[in-house]
Every structure is written in structure tokens, then in C-alpha cells.
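A.B. asks: My structure is below; once you've seen it, I'll send some questions.
Where a number appears in this text, it was derived from the coordinates with a stated rule and is not lab data. Remember, it's a predicted structure, so these values are computed and weren't measured experimentally. Positions of Cβ are backbone-derived with ideal geometry, glycine not excepted, and every protein chain shown enters the neighbour counts.
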Amino acid sequence: MKIVEVIVDASYQAITREVVDKHSAVILWEDEQDNRRTYRLLVDSSKRQAFLDELQEHLHTSPSVLILVTPVEAVLPPPPKAAPEKGKKKRAVATREELYSGVEKNAELTGTYLILVLLSTIVAAIGLIEDSVAVVIGAMVIAPLLGPNIALALAATLGDVPLMLKSLKTSGAGLGLALALSVFIGWALPVNLESQELMARTVVGLDSVVLAMASGGAAVLSLTTGLPSVLVGVMVAVALLPPTATLGMMLGGGLYSLAGGAALLLAVNVVAVNLSAKLAFLARGISPRTKDEKQKARQSVVVSLLFWAVTLAVLIGVILLRFK
């Protein structure tokens, strides 16, 4: 459960109370000051999205409307759980607005993001050269590549072009920096071709597609249900950072045939992560609020799904040809 605080003009008091009663929200506190009404409500997670949507629909004309959503660590005594509604499609626990707020922040191209990419690439390269699983895992933990990829999938699901462009910019900058740095490392240091961790990233199979699909789906599942995102960040880093570092080091070392395998693995992983993340958002019922936004998002979803699905099919075909 979470606390939803609603600040609205006093003239909207009746319609606000109607929405509150309809969705069985618990009024913790209410006050009227300066011709404005303030409600602090405890709202069940299963009803929070519908509650917020209806509030926005009725209150969007209020000049001073403000809706705040605050996490709740515990409620004592525990409130009774709402009975599940029969025949109703299961929705995400996190609301559209909560997801957007967190995802948009993680898609920002900041100095901290670039520094984390820089450090994680150095750690990954050392782990790959030394054939150290522990060091490679350490690189996966600090890699910030989860944010922009999930933001891209959410942007396409909601038809949000500005967020989509921002995500592409951030993701491209991160992967580009990781690739450039690993090229330099491959040129400056001898590439250890006896490293199993390194050579494993030059071989592409259908299992690589399954891993990346699972990573993207798990990332969205964590965001929509409140599971620890750090664990999912590790899964996504498994699919993106090590092959990027491998590709760069192979290019820096002049090993172009092996670099081709790493490039194919990276391409497969990027496409599969984004495709599965988008499918997971749709399966969890994430969609825009208004009819016009839904129409715009529907076009975006169709185009993006076709693009990622066709691209993945082509890459799988290339993988099968390489095995012949």
C-alpha cells in the first residue's frame, strides 16, 4: 500500500470524495485551507492505478490540483486485504506514473552514469583478461546499463517520443564509451585467448537469445512488482556489458574474426532485451491513460515490436548459418 495525498480546490470536494469512496481508499487525514482541500489517503496497490486515473480524469481542470504518491513501509494494525475481482486482468503493482518517474530518472545521461560505465568496463575487461568470474560479476553489479534499455521499452509502450530519444542517446553513449575504452584496453594490453570468460563471449548460440529475453523480462517484472532491481541489473549487465568489452578488446587486438562473434552476441542481446522488456510491459497492463495517448501508443507499439522481432529473426538466422 501507499499514501496518496491529493491537494485540490475546495469546489472539487464532492467529486474527490466520490472517487475516494468508489475505490475504497482509507482517509487518514483531510483539511481545508486557503480554499483548497487536502486529503491523505491509504490506497491498496491493486486499486491504485484505477484510482489515480479516475482522479486525473475528474480533477485535471482544477488549477491547483497536486497528487503525491508516497511509499509506506508498514501499516499497524495491518488493513484488511481487498478481495481480488473475478475476471479482471492482473495489473502491475506499481502504477504507470511511479514507473515513469523512476525509469525517466535512470535514463538521464549524467556524469555519474558515464563514470559508472567507465569503471564497470575497466573491471569487466580485467576480469575477462584474467579469466576471473568474480571480477566479471563485480563489473555486472556496477554497470548502469539497465536504466536506458528499460526506459526505451517503456517509452515505446507509452508512445513517449521524447523519452525514447533520451533513452537511445543515453544507451548509445554508454555502449559507445564502453566500446571505445575496451578497444584501447585491447590495443594496450595483450588479449588472453586462453581465457574462457573472454572466449565465451565470442560464441553465439540460441541460448544467448534465451538469456537476453529472460533478462529483459525479469527487469520489467522487478520494476512492476517491487523486487530488488539490483539483482535484475546484474542479469541485464550479463547480457550487455561483457560482450561489449569483448568486442572492443578483440578490435583493439586486431582479432577481427573473434570480434565478429562478439558483435553478433551484443546485437542479439540488445535486441532480445528490448523485445522481451516491451512484451513484459504489455503483459503487465502498462498503457497510457487517455484515449488519444492510447491511440498514439498503439502505433508506437506495433512499429517497435515489428522492428525488434524482425531484427531478432534476422540475427537468429545469422546464428544458424554460422553453425553450419
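A.B. asks: Report, largest value first, the span of the C-alpha coordinates of segment 96-323 along each principal axis, in whole Å.
C.D. replies: 58, 40, 27
A.B. asks: Based only on other Cβ atoms within 10 Å, what is the fewest-to-most ordering of D207, D9, D34, D160?
C.D. replies: D34, D207, D9, D160
A.B. asks: Starting from 0.36 nm per residue, how many nanometres of slack lie between L118 and E97 once their C-alpha separation is accounted for?
C.D. replies: Difference between extended and current length: 4.4 nm.
A.B. asks: Further, regarding this structure: For q values of 0.11, 0.15, 0.20 Å⁻¹, compute log₁₀ I(q)/I(0) with the Debye formula on a Cα-only model of segment 105-236, without solvent.
C.D. replies: One equal scatterer on each Cα of segment 105-236 leads to -0.43, -0.79, -1.28.
A.B. asks: Turning to a different aspect of this structure: Most fluctuating residue of V72, V270, V220 in a GNM of the chain with Cα springs under 10 Å: which is it?
C.D. replies: Of V72, V270, V220, the most mobile in the Gaussian network model is V72.
A.B. asks: Where does each of E73, E97 land when they are ranked from fewest to most other beta-carbon atoms within 10 angstrom?
C.D. replies: The most exposed by this proxy come first: E73, E97.
A.B. asks: So, one more: Would you list which aspartates and glutamates come within 15 Å of K22, measuring only between C-alpha atoms, while excluding same-chain residues fewer than 8 positions from it?
C.D. replies: Correct list for K22: D44, D53, E54, E57, E85.
A.B. asks: Sort 146-155, 311-320, 162-171 by the packing proxy (mean of other Cβ within 10 Å over each peptide's residues), most packed first.
C.D. replies: Listed from highest to lowest mean packing, they are 146-155, 162-171, 311-320.
A.B. asks: Now for a different question. Can you list the aspartates and glutamates whose alpha carbon is less than 13 Å from that of K294, not counting same-chain residues fewer than 8 positions off?
C.D. replies: Within the straight-line limit of under 13 Å, K294 reaches these aspartates and glutamates: D160.
A.B. asks: Can you pull the one-decimal nm distance between simple spin-label points at D292 and E57, each 7 Å off the Cα toward Cβ?
C.D. replies: Result: 1.7 nm between the two label points.
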